[in-house]
Amino acid sequence: MPTTASAVPAHGLADVTASDSTLRRFLHGLPGVDTVGLEARAASLGTRSIKTTAKAYALDLAISMVDLTTLEGADTPGKVRALGAKAVRPDPTDRTAPATAAVCVYPDMVPAAKEAVAGSDVKVASVATAFPAGRASLAVKLADVREAVAAGANEVDMVIDRGAFLAGDYLKVHDEIVAVKEACGTSARLKVIFETGELSTYDNIRRASWLGMLAGADFIKTSTGKVAVNATPSNTLLMLEAVRDFRAQTGVQVGVKPAGGIRTAKDAIKFLVLVNETAGGDWLDNHWFRFGASSLLNDLLMQRQKLATGRYSGPDYVTVD
């Protein structure tokens, strides 16, 4: 179901962000989310069966979409270099296993990550803007972004000011995203994290999705992975509907990144079905869809090996992150 039918002005989206009042009118004019319908559709798509050949393709596709992540206070350059090596060659015993899309680290770990993935197609993503809480001045947030980009980050994962959003100060959130996008320059793509678990309602997730896209996000992302409720099929389905409808309205394609709580190959394949059935095949590519995860890759590799050999390897088959 389109999510914009009654909300898009006759003249398009050009003037939506002209003032706080026009932005508020647009966001609150978006159709309300049918909670029961949304959750039922997400659950129904999650029951789709995948045959052996399609499963092999899906496992490799999911591996290629992983943003292999470490965002801990105890991160060290050595740990990040090891993660980068794993991203480049996830299965040292099988050269046919695809590399992951990116490694995701804190800004000060970007140099170590760049060193580890040098010569490969694996990108380096850096969180920024006072991740994960986002509680800092705009000047501090922009300095965070510039440090990451100067160190060579190909992608920046920012967090929105959830307090401002929940208080209805949508233009402040919009303008911060615009400023961060500008700080990224032309060398880094911007992922905008909503922390959907803190937004309380599906209506707010829909509003945040459109707000982020209007401000220039290259990706919209569910979560930091640092709260109790992270990516779910339902909130990801809602965001996929938003990017589909945004492209239909503007011609601009925006990516989606569910993050946090996706731990098994079975989960990942369910999300790929959501992508295909909701946004379409154009999003089935790591340029437009990612998984933010740490432990997911190991299960994908285990299932890939099981499919190839008919048995699971021992516990030493994959590295422990």
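The values are calculated or read from the model by the stated rules, or taken from the named source; none is laboratory data. Every value quoted in this text rests on a predicted model; they were computed, and no experiment measured them. Using ideal geometry, Cβ is built from the backbone for each residue, glycine included, and neighbour counts are taken over all protein chains shown. Please note that ligands, DNA and RNA were not included when accessible areas were found on the heavy atoms of the full protein model with its side chains. Shrake-Rupley method; radii C 1.70, N 1.55, O 1.52, S 1.80 Å.
Structure above, values below:
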{"quantity": "Fraction of alpha-carbon pairs over 19 Å apart in the range 134-253 - percent", "calculated": "45 percent"}
{"quantity": "Given charges at beta-carbon only (K, R positive; D, E negative), |dipole| of the range 210-271 in Debye", "calculated": "240 debye"}
{"quantity": "Qualifying aspartates and glutamates (Cα of each under 15 Å from Cα of K221; at least 8 residues distant if same chain)", "calculated": "D67, E155, D157, D161, E195, E198, E241"}
{"quantity": "Set of lysines near K226 by C-alpha distance (under 26 Å), chain-local residues within fewer than 8 positions excluded", "calculated": "K79, K86, K114, K123, K141, K172, K181, K191, K257, K266, K270"}
{"quantity": "The chain, accessible surface, carbon-and-sulfur percent (1.4 angstrom probe)", "calculated": "53 percent"}
{"quantity": "Antiparallel DSSP beta bridges within the range 130-236, percent to nearest 5", "calculated": "0 percent"}
{"quantity": "Per residue accessible area of the chain, 1.4 Å probe, in Å²", "calculated": "41 Å²"}
{"quantity": "Rg and Dmax [Cα atoms of the chain; Å; Rg one decimal, Dmax integer]", "calculated": "19.2, 61"}
{"quantity": "I220 long-range amide H proximity, modeled H, under 5 Å", "calculated": "V192, G255, V256, K257"}
